[in-house]
Amino acid sequence: MSAADRLKIFSGTAHRGLAEEICRELGQPLGSAMVGRFPDGEVDVKIYDDIRGADVFIVQPTCPPVNDTLVELLIMIDCCLRASSDRITAVIPYFGYARKDRKDEGRVPISAKLCANMISAAGADRVLTIDLHASQIQGFFDIPVDHLYSKPVICDYFAGLTLNNPAVVAPDVGSIRMARAYAASLSAGLAIVDKRRHSANNTTVENLIGDVDGCDVVIVDDMISTAGSITEAAKTVKQRGAQRVLLGATHAVLCGQAMSKLAEAPVEEVVLCNTIPVPKEKQLDKITMLSVAPLLARAIDRIHRSASVSALFDGD
Ligand code: R5P
């Protein structure tokens, strides 16, 4: 069996379209498997391909419904382990529960750590993921994690637009690092929103640190969930004299009132990646979807060949 023959890519049900796109990029058929449900809702998996000795990649963002997609991933890993595959990489373009990454008050869980434990315990040898909510989550795993950034995808898109007097804005302190990197690549100014979160779906803006008057503004974040953070930031920069306002985010969670907030926000364009599937009813005219499949395909190819993954980001 050649090295290429030993590469096998399977998909859970969370985002088969992305897995198929990755396979097309690699010129590789998607592995043959059944991922279904028993009548009582329990997950049922059967791998049809012979994967003994194979280098297996399972593509499954743990996106909503996260409890389902996560358990499906765990059971697929178990299945591949018991089928004597050589190495299993969990390809998790969006890692759910990531925002519960610390004990910021008494008697709360660290769910991100628990998820990492479960993925390792199921038998994963490696994890490949994109824009973790906090990059320290890599340390929750005791197996290697290849952490990719969507920046080359989203930032290249913005670089192709004609932005006048551009400024990049971080909608909260957690996004400063990302915003700083975009600002450097776009030769843009940098501003930071002082956001306060009162509850999961209630945030307010206290202040804007920096100047956006007369600027075309790009607001970047790791995810848009209820869209409260990013649309409040958009309103603030508009009040402070921004000209055009564009949003960029990796993970399109788009839950709760996100669609109406995005539709009503003073925003020209919302640029998102397909780490999570976005159903047609959530594809507003002002939303541009970019694919991370080429990036994931290149990373999978490099992991399979034991080549550097960080080299993908040289110059970024
Ligand atoms: C927060 O720390 C994250 O980076 C995002 O800003 C946040 O999770 C987005 O959530 P929402 O869209 O519900 O405001």
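The values are calculated or read from the model by the stated rules, or taken from the named source; none is laboratory data. Computed from a predicted structure; not experimentally measured. Neighbour counts are summed over all protein chains in view; Cβ atoms, including those assigned to glycine, are modelled from backbone coordinates with ideal geometry. The protein model used for the area step is the full one, side chains on, heavy atoms only, and it has no ligands, DNA or RNA in it. Shrake-Rupley method; radii C 1.70, N 1.55, O 1.52, S 1.80 Å.
Length gained on full extension, Asn164 to Arg52: 34.7 nm, using 0.36 nm per residue less the C-alpha separation. For the chain, averaging the sequence separation of C-alpha pairs within contact (under 8 Å, six or more residues apart) and dividing by the residue count gives a relative contact order of 13 percent.
Split the accessible area of the chain by element, probe 1.4 Å, and carbon with sulfur accounts for 48%. Rolling a 1.4 Å probe across the protein heavy atoms gives segment 164-254 an accessible surface of 40 Å² per residue. Taking the longest Cα principal axis of the chain as reference, the axis of helix 66-82 is set at about 30 degrees.
Using a 1.4 angstrom probe, figure out how much accessible area segment 1-158 has per residue, in square angstrom, rounded to the nearest whole. Provide the component values of the computation, followed by the final result.
Working: 7190 Å² over 158 residues.
With all protein chains present, segment 1-158 gives 45 Å² per residue.
Normalised by the number of residues in segment 23-79, the average gap of Cα pairs under 8 Å and 6 or more apart makes the relative contact order 26 percent. Would you please give the FRET efficiency between Leu81 and Ser306, computed as 1/(1 + (r/R0)^6) with r the Cβ-Cβ distance and R0 = 22 Å, to the nearest 0.05? That pair, Leu81 with Ser306, gives E of 0.60. Full extension of the chain between Ser32 and Ile110 gives 24.6 nm of extra length, using 0.36 nm per residue less the Cα-Cα distance.
Based on DSSP, what percent of beta bridges with both residues in the chain are antiparallel, to the nearest 5?
The antiparallel proportion sits near 25 percent.
From Cα pairs below 8 angstrom and at least 6 apart in sequence, can you work out the relative contact order of segment 151-290, rounded to a whole percent? Contact order relative to length: 20 percent.
The accessible-area ordering, largest first, of the residues Tyr94, Tyr149 stands as Tyr149, Tyr94, per a 1.4 angstrom probe.
Once R0 is set to 30 Å, what does the formula 1/(1 + (r/R0)^6) return for the Cβ-Cβ distance between Ser260 and Asn67, expressed as a FRET efficiency to the nearest 0.05? Can you show the working numbers first?
Working: r = 26 Å, r/R0 = 0.87.
The pair Ser260/Asn67 has a calculated efficiency of 0.70.
Straight Cα distances below 28 angstrom link Lys151 to the lysines Lys8, Lys100, Lys113, Lys195, Lys235, Lys238, Lys261, Lys280, Lys282, Lys286, with same-chain residues fewer than 8 positions distant left out.
Quick check: residue separation of Asn202 and Thr288 times 0.36 nm, minus the Cα distance between them. What number comes out in nm? Mind dumping the intermediate values first?
Details: separation 86, 0.36 × 86 = 30.96 nm, distance 2.57 nm.
Net length gain for the segment: 28.4 nm.
I'd like the antiparallel share, as a percent to the nearest 5, of DSSP beta bridges with both residues in segment 1-120. For segment 1-120, the DSSP antiparallel bridge percentage is about 35. Angle of helix 293-304 to the longest C-alpha principal axis of the chain, folded into 0 to 90 degrees and rounded to 10: 40°. How tilted is helix 16-26 with respect to the longest principal axis of the chain? Cα atoms for both, answer in degrees (0 to 90, nearest 10). Around 80 degrees separate the two axes. Couplings for segment 97-102, taken from phi via the Karplus curve 6.51 cos²θ - 1.76 cosθ + 1.60 with θ = phi - 60°, read 6, 5, 6, 9, 10, 7 Hz in order; Gly and Pro are left as x.
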